[in-house]
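One structure is given here, and the rest of the page talks about it.
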Amino acid sequence: MTRIGDFIKENRKKAGLTQEEFAFRSGLGLRFVRELEQGKNTVRLDKVNVALSMFGMEAVPGKKENLDE
């Protein structure tokens, strides 16, 4: 979840939005946005897709990367 959280945080900041503004505009809760950006492992995928849709993106299946290398 860290990569998605980092993507959201980076693009939110590029858009000049605070976490509060992003949460309001996306219709998500502030707590969810904070947890997503912090890389919480147990977040709802439907809400992740709401956040990603703010930047024209969506979570899709992909090959898992080996982060230990």
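Read the figures in this text as sums done on the coordinates, not as results from a lab. Please read all numbers here as calculations on a predicted model, not as lab measurements. In this analysis, Cβ positions are derived from the backbone assuming ideal geometry, glycine residues included, and neighbour counts consider all displayed protein chains.
Karplus-derived 3J(HN,Hα) values for region 26-36, using 6.51 cos²θ - 1.76 cosθ + 1.60 with θ = phi - 60°, are 8, x, 9, x, 4, 4, 4, 4, 4, 5, 4 Hz; glycine and proline are entered as x. Helix-only arithmetic for the chain: the sum of -39500 (n - 2.57) across DSSP H runs with n ≥ 4, divided by the residue total, places the mean residue ellipticity at 222 nm at -16000 deg cm²/dmol.
Note down the relative contact order for the chain as a percent, whole number, built from C-alpha pairs under 8 angstrom at least six residues apart. 33 percent. Each of 60, 33 was scored by other Cβ atoms within 10 Å of its Cβ. Listed from fewest to most, they are 60, 33. Histogrammed with a bin width of 10 Å, the alpha carbon distances of region 2-53 distribute as 28, 66, 6 percent, first bin at zero. Per-residue Karplus couplings for region 53-65, computed as 6.51 cos²θ - 1.76 cosθ + 1.60 with θ equal to phi - 60°, are listed in order as 5, 4, 10, x, 10, 8, 7, 9, x, x, 5, 5, 8 Hz, Gly and Pro entered as x. In this label model, residue 6 and residue 41 are separated by 1.8 nm, measuring between points 7 Å along each Cα→Cβ vector.
Sorting 35, 10 from the fewest to the most surrounding beta carbons within 10 angstrom yields 10, 35.
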